[in-house]
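Quick note: the coordinates plus some simple rules give every number you see, no bench work behind them. Note that the coordinates shown come from a computational prediction; the quantities given were computed from them, not determined experimentally. Here Cβ is always computed from backbone atoms with ideal geometry, including for glycine, and neighbour counts include all displayed protein chains.
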Amino acid sequence: MRLDPRQHDRGSFCCGVEVLDTYLRQQAGQHQREGIATTHVLVDDITPGSILGYVSLAAAQLHLQDLQPPDRKRLPAYPIPATRVGRLAVSSQHRGQGYGRLLLGHAVNSGLSLREKLGVRVLVVDAKDERAAMFYKAFGFQPTTATALTLYLPLGNG
Ligand SMILES: CC(C)(COP(=O)(O)OP(=O)(O)OC[C@H]1O[C@@H](n2cnc3c(N)ncnc32)[C@H](O)[C@@H]1OP(=O)(O)O)[C@@H](O)C(=O)NCCC(=O)NCCS
């Protein structure tokens with residue numbers, strides 16, 4: 001669900017990566033209000049105020065040349081509309097329980113449902129390091145031609 005600063009306890013979220021904790025505490029709400037990025041939080045029914053993980057999404061674009069050659073086929077030479085997975089993190093206490101997978105699946109579904117309203121061809125993410133890139137690659141993300149840590153996932157046709 002969408003982050004609601006009145007309802008969700010951002011202060012006690014800890015994923016072990018300082019910049020990702022700070023983003024949730026200090027910037028996510030502001031970015032959401034300003035239309036820069038929307039943050040989606042994962043909570044459970046028992047403690048609905050406690051954030052298990054989050055993903056922030058924003059509109060983005062890639063150059064056609066950023067895609068690997070097979071993914072460029074039949075596409076016009078325009079910028080490729082994208083949804084950016086800006087940040088994704090799971091609370092340290094809740095790692096390894098499939099929540100990262102769930103949040104990424106939510107990002108894919110969001111990209112697909114946005115397509116009802118506006119073009120979205122790929123999900124794009126800037127992985128913070130090679131380990132994070134491995135996480136995304138396991139779900140089918142590929143590196144862009146320009147930067148190995150910028151990865152994209154084609155959302156397919158139809
Ligand atoms: C990366 C992260 C989101 C994964 O969340 P999680 O809930 O522990 O992951 P899941 O339980 O859904 O695991 C999904 C798969 O990813 C793998 N995986 C988990 N963390 C990984 C990591 N850091 N690197 C590579 N693969 C990873 C798991 O082994 C699992 O694969 P499997 O199903 O084949 O066993 C979490 O470790 C995290 O918040 N890390 C700190 C922030 C971060 O690195 N974010 C990445 C975006 S820049």
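Here Lys137 is the anchor, and the aspartates and glutamates within straight C-alpha reach of less than 20 Å, apart from those fewer than 8 places off in the same chain, are Asp66, Asp71, Asp126, Asp129.
Ordered by packing density, taken as the mean number of other Cβ atoms within 10 Å over each peptide's residues, highest first, how do 109-115, 55-61 rank? Mind showing how you got there, number by number?
Values: 109-115: 15.1, 55-61: 19.6.
Top to bottom by mean Cβ count within 10 Å: 55-61, 109-115.
As I understand it, the dipole of the chain uses +1 on the Cβ of Lys and Arg and -1 on the Cβ of Asp and Glu, about the Cα centre. Which of Phe141, Pro69, Leu155 lies farthest toward its positive end? Toward the positive end, the furthest listed residue is Pro69. Backbone geometry of region 47-53 corresponds, through the Karplus equation with coefficients 6.51, -1.76 and 1.60 at θ = phi - 60°, to 3J(HN,Hα) couplings of 10, x, x, 9, 8, 7, x Hz, x marking Gly and Pro. Taken one residue at a time, the phi angles of region 126-135 give Karplus couplings (6.51, -1.76, 1.60, θ = phi - 60°) of 9, 6, 6, 7, 5, 5, 5, 4, 4, 4 Hz. Gly and Pro are set to x.
Remark: region 101-117, residue by residue, has Karplus-estimated 3J(HN,Hα) of 4, 4, 5, 5, x, 4, 5, 5, 4, 5, x, 5, 6, 4, 4, 5, 10 Hz, where x stands for each Gly or Pro and the curve is 6.51 cos²θ - 1.76 cosθ + 1.60 at θ = phi - 60°. Note on the chain: Rg/Rh from Cα positions, Kirkwood definition for Rh, rounded to two decimals, is 0.98.
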